[in-house]
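First the structure, in the form of structure tokens, and then the observations on it.
The values are calculated or read from the model by the stated rules, or taken from the named source; none is laboratory data. Note that the coordinates shown come from a computational prediction; the quantities given were computed from them, not determined experimentally. Counting neighbours? That spans all protein chains shown, and the Cβs are built from the backbone with ideal geometry, glycine included. Side chains included, ligands, DNA and RNA excluded: accessible areas come from the protein's heavy atoms. Shrake-Rupley method; radii C 1.70, N 1.55, O 1.52, S 1.80 Å.
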Amino acid sequence: MKTIIVDPFPREMDLIFKPNKIKLLKKNFKIINAPSKNKLKFYKQHISEADFIIGQPDLPKSILTLASKLKAIFNVESNFMDNMDYDYCFKNNIYVLSTAPVFAQSVAEIAVGLTISLKRDIHKAHLDFFQKKEKYGLESNLRSSLLLDNKIGFIGFGDLAKSLKPMLMPYTSNFKVYDPWLPNKLIEANGCKSASLKEIFKDCDVVYVLATITTKNKSMIDKKLLKLMKKDTCLLILSRASVINFQDLNEILNKDKIKVATDVFPQEPVPKNDPIRKKKSILFSAHRAGALESVFFEMGDIVCEDLLLMTKGLPPRLCRRAELETVKNLRSKPVDIN
């Protein structure tokens, strides 16, 4: 019987796996639960027993060299982090896998909702009604506009952008993409045009920030780019907050020129006295875009499916594989709140 070390922190097994899936795992595998403390000692003692790990623990080479049977590490936080020796994993045929694909649909759907609300000022009209100062007819739509025939910009073109684009196609066919990790031919094959950051921020009516954080793109979207945006352009931040220079964003928001929606923040929970809370031209979402019970359970489903495939000597098919050429450049931080 194959052995799994279960160490999903900051998530928990019953968040990820339905009861029947937990029963399936216990039936088909020997389960060893990692402790919450003294993990280094635990892994020194037990990693030699493991065929699989469900979790994303710190795994330096000194620990991995003890893992004589290890076939795969299933990262259920879903963001590859700079916390293990990826070179060793690749050289020793250890798959490093992420459950990130499960979030694409749910985040894409909320992105569409946020976009429509920004374009038509739905959230502001709703608040005006509560405050008994609602405006009727054209007066309430002076800064509203249609999404129809808009120029759309994607910063990053991974799972999320590929799920979002079809939802926007009833409105427009004009998509521009900035993604230095993809060839132009692949971008064009997905019905988009490759573009520079400057071109996207200058020309597009709606810009989606969907890129993960790397060694090269921290605070990449700064004052210089934000100043290029046309009046009432919509900027939606749905990936890693570190890609945005939030200090510059705060400054731009003071001018009330662009419309912004964000699901992520540099510090979460956002401090009560954070000045961004007072900005009127921003639509807030508290890192909730992907957090649905059904999505977390889908995470468990794809882990189970890939585990069963691998016990048959087959490669994983549903979880995303880390790529050696890029994974070492990723700098995601673990989530604190599920």
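Okay, here's what the table says:
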read-out	value
Principal axis box of segment 6-115, alpha-carbon based, largest edge first, Å	49, 33, 26
Scaled radius of gyration (Cα, divided by 2.2 N^0.38 Å) that segment 175-220 gives	1.16
In degrees, nearest ten, helix 19-28 long axis to first principal axis of the chain (Cα)	30 degrees
Residues with amide H under 5 Å from that of Asp58, placed H, sequence gap 5 or more	none
Neighbour cut-off at most 16 other Cβ (10 Å), DSSP loop, GluC sites (Glu not before Pro), segment 118-208	Glu134
DSSP beta bridges in the chain [antiparallel fraction, %, rounded to 5]	5 percent
Total formal charge among the other residues, if their Cβ is under 12 angstrom from that of Ser144, Lys/Arg +1 and Asp/Glu -1	+3
Dipole of segment 225-293, positive direction: furthest Cα of Ala291, Ala261, Thr233, with charges on the beta-carbon	Thr233
Cut-off under 5 Å, modelled amide H: who pairs with Lys151 long-range	Asp205, Val206
Mean accessible surface per residue for the chain, computed with a 1.4 Å probe while every protein chain stays in place, in Å²	52 Å²
In Hz, Karplus ³J(HN,Hα) per residue of segment 216-229 (6.51, -1.76, 1.60; θ = phi - 60°; x = Gly, Pro)	10, 10, 4, 6, 4, 8, 10, 4, 4, 6, 4, 5, 6, 6
Segment 178-256, dipole about Cα centre (Lys/Arg Cβ +1, Asp/Glu Cβ -1), debye to the nearest 20	220 debye
Cα-projected label distance for Met169 with Asn329, points at 7 Å along beta-carbon direction, nm	2.9 nm
Residues whose placed amide H lies under 5 Å from that of Lys2, excluding near-sequence neighbours	Lys30
Hz values of 3J(HN,Hα) by residue in segment 167-182 - Karplus curve (6.51, -1.76, 1.60), Gly and Pro given as x	6, 8, 5, x, 9, 7, 10, 9, 10, 10, 10, 10, 8, x, 8, 10
Per-bin percent of Cα-Cα distances, segment 242-319 [10 Å]	15, 33, 18, 18, 13, 4
Cα coordinate range in segment 115-243, projected on the principal axes (Å, largest first)	51, 31, 24
Global form of segment 204-274, assessed from the alpha-carbon gyration tensor, a/c cut-off 1.5	oblate
Dipole moment magnitude, nearest 20 debye, the chain about Cα centre, only Lys, Arg, Asp, Glu C-beta charged	380 debye
Full-extension gain in nm, Asn184 to Lys278, via 0.36 nm per residue minus C-alpha separation	29.8 nm
Contour minus Cα-Cα distance for Asn141 and Glu268 (0.36 nm per residue)	42.4 nm
Neighbourhood net charge (13 Å Cβ-Cβ; Lys/Arg +1, Asp/Glu -1) for Phe42	+1
Karplus-derived HN-Hα couplings along segment 188-198 (A = 6.51, B = -1.76, C = 1.60, θ = phi - 60°), whole Hz, x at Gly and Pro	5, 5, 9, x, 10, 10, 6, 8, 7, 4, 4
Segment 136-279, accessible surface, carbon-and-sulfur percent (1.4 angstrom probe)	51 percent
Whole-angstrom Cα spans of segment 65-178 along principal axes, big to small	70, 34, 18
Surrounding net charge for Tyr178, when Lys and Arg each add one and Asp and Glu each subtract one, Cβ distance under 11 Å	+1
Degrees, to the nearest 10: 104-120 long Cα axis against longest axis of the chain	10 degrees
Rel. contact order, % - alpha carbon contacts under 8 angstrom, at least six apart, the chain	20 percent
